[in-house]
Amino acid sequence: MFAWWFQAPWWLLGIYTVAAVLIALSVPLLYRLFGYKMQDEALWLNERNLREHATLMQRLDNVRESLTELNITAGVKQANILTDILDDYRSVVETRFIGKQFAPITYLNAARSVQEHVVQNLTDMVAVGHSLAGLNRQAAQSDLHQEQQQRITTLLAENDKFFTALNETAVEVANIRSVSQFERLDTLARLVSLAQTASHTGTQS
């Protein structure tokens, strides 16, 4: 269109083409050079962190209320522990990673996955609690009652294991100074393994 409209000579068209290509290629380079890429990634990470935190806290508040009504005190205690863990996690993300060049996405994804699974376990306790309430009205259902009680015990034990992994990894991740240190964390490997197991368990149930 440029050539047809202005009837430009071939050498001018060549200069125009080269300039256009250079300008197009410079856009992503300047985007990185002036820090816009890092700013956008930091904004995305912050928005994601706040959105996921709000969602989990809402779910956790609902579950805690149900556990309280069902008098599952151990479950209520774990809900309170998870609340503290979620608050600490949000603080670590906001102060340690947002706006920095190094953001350990592997840790962030694994930790969030485990946190979500703890909430799901607490939700399962609510379902079991309602089942127990029904069985308590049927004295002949002692075997089922014992089975459901054992289910709650198993969920509590699994959550305790998740809490330990989350806390230990959070402490180490908060103190790392380089990507190489991060990749050598044994606690992270364990957390990732737990997250994968939790995810697999969730798809099975």
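The values are calculated or read from the model by the stated rules, or taken from the named source; none is laboratory data. Remember, predicted model here, so these are calculated numbers, not experimental data. Here Cβ is always computed from backbone atoms with ideal geometry, including for glycine, and neighbour counts include all displayed protein chains. The protein model used for the area step is the full one, side chains on, heavy atoms only, and it has no ligands, DNA or RNA in it. Shrake-Rupley method; radii C 1.70, N 1.55, O 1.52, S 1.80 Å.
Is segment 68-82 home to any residue that is among the hydroxyl-bearing types (Ser, Thr, Tyr) and modelled with pLDDT of 85 or more? Steps first, answer last, please.
Taking segment 68-82 first, the residues among the hydroxyl-bearing types (Ser, Thr, Tyr) are 68, 73.
Filter again for modelled with pLDDT of 85 or more, leaving 68, 73.
Yes: segment 68-82 contains one or more residues that are among the hydroxyl-bearing types (Ser, Thr, Tyr) and modelled with pLDDT of 85 or more.
Checked against the criterion of being at pLDDT 80 or above, part of a helix (DSSP H, G or I) and touching a Phe, Trp or Tyr at 6+ places or on another chain (Cβ under 8 Å), the candidates LEU122, LEU156, LEU132, LEU191 yield just one match: LEU191. Of note, ASP124 does not satisfy the criterion of being closer than 30 Å to ILE176 by Cα, of a type in the set (Asp, Glu) and either touching a Leu at 6+ places or on another chain (Cβ under 8 Å) or surrounded by fewer than 16 Cβ atoms within 10 Å (Cβ to Cβ) (or both). Listed by first and then second residue, the pairs linking a residue in segment 60-78 that is in a helix (DSSP H, G or I) to a residue that is open to solvent by less than 30 Å² (accessible area, probe 1.4 Å) and of a type in the set (Phe, Trp, Tyr), with Cβ atoms under 8 Å apart and 6 or more places separating them unless they lie on different chains, are GLN78/PHE163. Of the numbered criteria (1) modelled with pLDDT under 95; (2) open to solvent by 70 Å² or more (accessible area, probe 1.4 Å), the one ASN62 fails is (1). Here is the figure for segment 89-108: residues that are under 24 Å from ASP61 (Cβ atoms) and either at pLDDT 90 or above or of a type in the set (S, T, N, Q) (or both) total 1.
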